[in-house]
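To keep things clear, I will list the structure first and then write my remarks on it.
The values are calculated or read from the model by the stated rules, or taken from the named source; none is laboratory data. All values derive from a computational prediction rather than experimental measurement. With ideal geometry, Cβ positions are generated from the backbone for all residues, glycine too; neighbour counts draw on all protein chains shown.
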């Protein structure tokens with residue numbers, strides 16, 4: 001039978017509350033005081049956007065939260081999102097010198113959130129002011145982290161920027177694809193609003209992959225930035241995959257924003273195929289929405305999973321189980337609905353996965369979530385810009401410094417360039433591409449901060465492509481409309 005919602009609204013909200021609570025002011029000051037304020041700070045080098053971490057922490061320690069937020073957001077316009085979703089243990093915190101001294105690293109991510117939450121709560125705008133208009137126009141395709149990073153940097157350099165996205169609102173993965181217990185979409189939507197206040201125009205609900213849209217953008221603009229993300233989940237290519245209860249894990253995660261949490265249908269026995277961070281998000285949210293059993297099925301061993309260790313530990317703490325060296329063979333149905341999976345044991349030799357003959361067994365389940373990687377949108381790229389070079393791994397070929405492609409007016413960043421990395425990497429690539437565009441059009445190299453900061457803007461001086469702020473209820477309405 002079809003899957004149904006399993007828990008009430010209050011329980012769902014409690015279960016999906018943020019895992020990492022914000023610091024209190026006293027906790028933030030105490031933590032900031034632990035920092036050694038390294039001169040040659042390895043944490044800065046570990047941050048793809050190059051945030052001056054010792055400076056912003058020193059400002060927190062002295063009570064200057066506005067200055068701390070300014071330092072963060074000048075380097076990373078999506079600093080509030082990254083404070084929540086960055087794998088800090090693998091980046092800045094992992095590089096902290098206190099680790100070498102066998103101490104707990106400075107909790108940089110939570111301090112970053114403390115500062116950015118402060119200015120957001122008070123409505124203080126600390127982003128650098130837009131530059132003097134230079135008469136040039138740039139189109140940005142994709143309102144995800146890469147596109148937003150590029151658009152903000154271009155606006156600071158004086159470009160007229162228009163961002164196009166087929167979704168109803170901006171933010172990309174940060175708005176639609178992050179687990180609710182990590183970040184609520186309001187944070188991402190507020191960041192889009194801040195970028196709009198720089199004068200960036202947004203055109204949502206526009207699919208530039210249809211007709212002559214992309215070619216027209218090239219004709220009408222001095223440069224185009226391609227910041228599209230990845231496509232749908234890769235197929236399992238097994239019988240029964242097209243049953244209604246076999247769902248892309250990212251679609252399941254996005255669906256949590258489309259309706260009240262107590263109306264989200266969840267299987268009592270959920271199987272998640274794959275063991276990356278998306279798989280962890282999916283299995284954890286399934287458990288928190290009332291699934292009695294939630295199991296990750298991965299064809300390789302525990303040491304080969306791509307999920308970060310702290311994500312893995314979180315899922316286990318929530319009661320998720322893991323079947324390593326296991327692969328699905330068939331989805332079994334009854335009356336057109338999923339009732340089980342046929343699984344088999346695998347043997348990995350010389351990096352190749354082989355099914356052990358005669359090892360098949362049946363695992364009951366009523367919802368299957370696919371998290372086995374996402375398809376690269378090669379077909380869309382080729383339709384958008386015929387002749388654009390694509391490498392052997394399906395990524396758009398580009399210069400690693402300028403992010404320029406073989407088509408001189410086209411620049412790229414984010415998943416289309418990298419094949420899929422972290423949000424902070426996408427922001428950094430968008431920013432790098434903006435400076436590549438500027439160098440290509442003017443011959444000038446931009447290094448360091450673009451402009452001095454300002455604390456706010458005059459009343460009414462939004463320069464925005466929005467008529468009014470977008471908040472989470474509007475996102476939910478847009479998702480319901482498809």
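For the condition touching a helix residue (DSSP H, G or I) at 6+ places or on another chain (Cβ under 9 Å) and on the phi > 0 side of the Ramachandran plot, what is the one hit in 63, 67?
Values: 67 fails: on the phi > 0 side of the Ramachandran plot.
Answer to the check: 63.
With outside the structural domain of residue 278 (by TED's automatic domain parsing) and outside any loop (DSSP other than H, G, I, E, B) as the only criterion, which of 379, 394 stands out?
Working: 394 fails: outside any loop (DSSP other than H, G, I, E, B).
None of the other options fit; the residue is 379.
Per this entry, residue 79 is not counted among residues that are surrounded by fewer than 24 Cβ atoms within 10 Å (Cβ to Cβ), in contact with a helix residue (DSSP H, G or I) (Cβ under 6 Å, 6 or more places away or on another chain) and under 21 Å from residue 194 (Cβ atoms). Within the range 25-65, how many residues are crowded, with 20+ Cβ neighbours inside 10 Å, over 21 Å from the mean Cα position of the chain (by Cα) and not in a helix (DSSP H, G or I)? Total meeting the criteria: 2. Residues in the range 277-293 that are under 26 Å from residue 327 (Cβ atoms), surrounded by fewer than 24 Cβ atoms within 10 Å (Cβ to Cβ) and modelled with pLDDT of 95 or more: 287, 292, 293. Taking the conditions exactly as written (touching a residue at least 24 places away in the same chain (Cβ under 8 Å) and under 29 Å from residue 433 (Cβ atoms)), does residue 233 satisfy them or not? Taking the combined requirement at face value, the residue satisfies it.
Examine the range 7-24 for a residue that is out of contact with any strand residue (DSSP E or B) (no Cβ under 8 Å at 6 or more places or on another chain), part of a helix (DSSP H, G or I) and farther than 30 Å from residue 263 by Cα, and state whether such a residue exists. There is no residue in the range 7-24 that is out of contact with any strand residue (DSSP E or B) (no Cβ under 8 Å at 6 or more places or on another chain), part of a helix (DSSP H, G or I) and farther than 30 Å from residue 263 by Cα.
For residue 366, the criteria (1) over 30 Å from residue 216 (Cβ atoms); (2) under 23 Å from the mean Cα position of the chain (by Cα) hold in every case but one, which is (2).
A quick yes/no check of all residues on (1) on the phi < 0 side of the Ramachandran plot; (2) assigned to a loop (DSSP other than H, G, I, E, B); (3) touching a helix residue (DSSP H, G or I) at 6+ places or on another chain (Cβ under 6 Å):
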position: 94; (1), (2), (3): yes, no, no
position: 98; (1), (2), (3): yes, no, no
position: 104; (1), (2), (3): yes, yes, no
position: 128; (1), (2), (3): yes, yes, yes
position: 131; (1), (2), (3): yes, yes, yes
position: 134; (1), (2), (3): yes, yes, no
position: 152; (1), (2), (3): yes, no, yes
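Listed here are the helices (runs of 4 or more DSSP H) enclosed by the range 408-482 that have at least 1 residues being over 22 Å from residue 187 (Cβ atoms), in the same structural domain as residue 183 (by TED's automatic domain parsing) and modelled with pLDDT of 90 or more: 415-418, 423-442.
Could we say that residue 100 is modelled with pLDDT of 95 or more and not assigned by TED's automatic domain parsing to the domain that holds residue 165 here?
Values: modelled with pLDDT of 95 or more: no; not assigned by TED's automatic domain parsing to the domain that holds residue 165: yes.
Here the answer is no, as residue 100 does not meet what is asked.
Kindly indicate which of 353, 272 is in contact (Cβ under 8 Å) with a residue 12 or more places away in the chain and surrounded by 23 or more Cβ atoms within 10 Å (Cβ to Cβ). After ruling out the rest, the residue left standing is 272. Looking across the range 238-258 at every residue that is at pLDDT 95 or above and part of a loop (DSSP other than H, G, I, E, B), the one that is surrounded by the fewest Cβ atoms within 10 Å (Cβ to Cβ) is identified as 242.
Within the range 163-170, does at least one residue satisfy the condition of being outside any loop (DSSP other than H, G, I, E, B), surrounded by fewer than 24 Cβ atoms within 10 Å (Cβ to Cβ) and touching a helix residue (DSSP H, G or I) at 6+ places or on another chain (Cβ under 9 Å)? Break it down into steps so the answer makes sense when it comes.
Within the range 163-170, the first condition is being outside any loop (DSSP other than H, G, I, E, B), and the residues that meet it are 163-165.
When the remaining residues are screened for being surrounded by fewer than 24 Cβ atoms within 10 Å (Cβ to Cβ), the result is 164.
If we keep only those that are touching a helix residue (DSSP H, G or I) at 6+ places or on another chain (Cβ under 9 Å) as well, we get 164.
Yes.
Here residue 218 meets the list (1) in the same structural domain as residue 405 (by TED's automatic domain parsing); (2) in a loop (DSSP other than H, G, I, E, B); (3) at negative phi; (4) surrounded by fewer than 20 Cβ atoms within 10 Å (Cβ to Cβ) almost entirely, failing just condition (2).
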